[in-house]
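Some notes on the structure that comes next.
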Amino acid sequence: MSSLNGTPLEWMYTVFGVSNDSQLCTKMTNIGLVYTVVVGLYSVLFPAPYGRYSSSSTGPTINAKVAWMMQECMAFFCPMGIIIITAGLQLENFSNIVAIFLFAFHYFHRSFIYPLAMSSNSKPVPIVTALSAVVFCVYNGLLQGIHLANVHKVEDSFPVFLGTLIFLGGMAINVTHDRMLIALRKNSTSDKSSSETDTKQKYKIPRGELFEYVSGANYLGEIIEWIALAFITRGYPQIVFALFSSTFLGIRAVHHHRFYKNTFGNSYPQSRKAIIPFIL
C-alpha cells in the first residue's frame with residue numbers, strides 16, 4: 001500500500017527510494033537502528049548537551065519550556081497528521097488504535113503538560129540540541145504513525161492487554177519521578193552567581209519511591225513504556241525505538257549516577273544503582 005500518494009508527504013517515497021509504505025517503514029527503521037548504534041557510542045563519551053550537561057560552549061540557547069514543547073509536540077502531531085491525511089486502514093483494528101493512542105498519549109503529556117510543570121530554574125536548552133530533537137521527533141512520529149496506521153496489523157491478544165497495563169505503569173513511574181525532580185529543582189537555589197561554583201546548591205539527592213533504588217527512576221519508567229509498546233505490537237519500528245530509548249536513556253542514567261556520586265560523595269546512597277535496581 002502507498003498511503004502517502006496524493007498527500008503532502010508523497011515525497012518521502014522518492015527521498016527514501018521506495019514505492020510503498022512497507023518498504024518505507026523498513027528503510028526508515030534500518031536507518032533508526034544505525035542511528036541507535038551511533039548515538040549510543042557517542043553518548044557513552046559525551047552525554048547529550050541539555051540539562052546539567054549543557055554549557056556556554058554549546059552555543060545559543062532557548063527557554064527550556066519552549067524547547068520541550070517545540071520538540072516533543074512533533075511526535076504527537078505527526079502521527080495525528082498521518083491519521084488525518086491517509087486511509088489508515090489498519091486503524092479498523094482496535095489494537096492498532098490502542099498502540100497509536102499510547103504513543104500519542106505519552107507525547108501529549110511530554111509536550112503540553114510536563115513543560116508547564118517545569119521549574120523556572122531549568123537550564124536553557126542549546127538551540128542545536130532542540131533542533132536535533134525536533135528532527136528526531138518528526139522522523140519517529142511519521143515512522144510510527146505510518147507503520148501503525150497503514151502497514152502493521154497488531155493482533156488482538158492478551159499481550160495487548162498486558163502490554164497496555166505495563167505501558168501505563170511505566171508512564172506512571174516516569175511522570176511521578178519527573179515531578180519529584182521538578183520539585184527538587186524548584187526548591188534549589190536560583191542564584192546564578194553561585195550556580196557555577198557550588199553544584200550542591202543547584203542539585204539535591206533525589207529520595208523516595210524508586211529513587212531509593214536507581215538514580216534514573218524517571219528514565220526507567222520511560223524505558224518500560226517503550227518496551228511495553230514493542231511487546232504490544234511486536235513491530236520492527238517499535239522494537240528499534242524501544243532499543244534506542246533503552247540505550248539513550250540508560251546511558252544518560254549512568255552519567256547521572258556518576259554525577260551524583262562525584263558531587264555528593266559518601267552522602268549519596270551507596271546501594272543505589274543507575275538504571276536497573278540491584279543490577280546496573
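Below are the figures for this structure:
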item	result
Qualifying residue in the range 69-91 (condition: within 30 Å of Lys186 (Cβ to Cβ), touching an Asp or Glu at 6+ places or on another chain (Cβ under 9 Å), of a type in the set (Phe, Trp, Tyr) and touching a residue at least 24 places away in the same chain (Cβ under 8 Å))	no
Boolean, Arg234 is among the charged types (D, E, K, R), in contact with an Asp or Glu (Cβ under 9 Å, 6 or more places away or on another chain) and either surrounded by fewer than 21 Cβ atoms within 10 Å (Cβ to Cβ) or at negative phi (or both)	yes
Tabulated pairs, the range 263-274, first of a type outside the set (A, V, I, L, M), second loosely packed, with under 15 Cβ neighbours inside 10 Å and modelled with pLDDT of 90 or more, C-beta under 9 angstrom, 6+ apart or interchain	Pro269/Arg207; Pro269/Glu212; Ser271/Glu212; Ser271/Phe278; Arg272/Glu212; Lys273/Ile279
Residue match in the range 145-156 (condition: over 21 Å from Ile84 (Cα atoms), touching a residue at least 40 places away in the same chain (Cβ under 8 Å) and either among the aromatic types (Phe, Trp, Tyr) or in contact with a helix residue (DSSP H, G or I) (Cβ under 7 Å, 6 or more places away or on another chain) (or both))	yes
Selection from the range 232-280 of residues that are part of a helix (DSSP H, G or I), among the β-branched types (Val, Ile, Thr) and closer than 16 Å to Leu220 by Cβ	Thr247, Ile251, Val254
Boolean, Ser111 is touching a helix residue (DSSP H, G or I) at 6+ places or on another chain (Cβ under 9 Å) and within 18 Å of Phe231 (Cα to Cα)	no
Some residue of the range 86-97 being among the polar types (S, T, N, Q), in a helix (DSSP H, G or I), within 21 Å of Thr7 (Cα to Cα) and in contact with a Lys or Arg (Cβ under 9 Å, 6 or more places away or on another chain)	yes
Hits in the range 92-133 - residues which are β-branched (Val, Ile, Thr), in contact (Cβ under 8 Å) with a residue 12 or more places away in the chain and surrounded by fewer than 17 Cβ atoms within 10 Å (Cβ to Cβ)	Ile127, Val128
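The values are calculated or read from the model by the stated rules, or taken from the named source; none is laboratory data. A quick note: this is a predicted structure, and the numbers were derived from the prediction, not measured. Note that each Cβ is placed from the backbone with ideal geometry, even for glycine, and that neighbours are counted across all protein chains shown.
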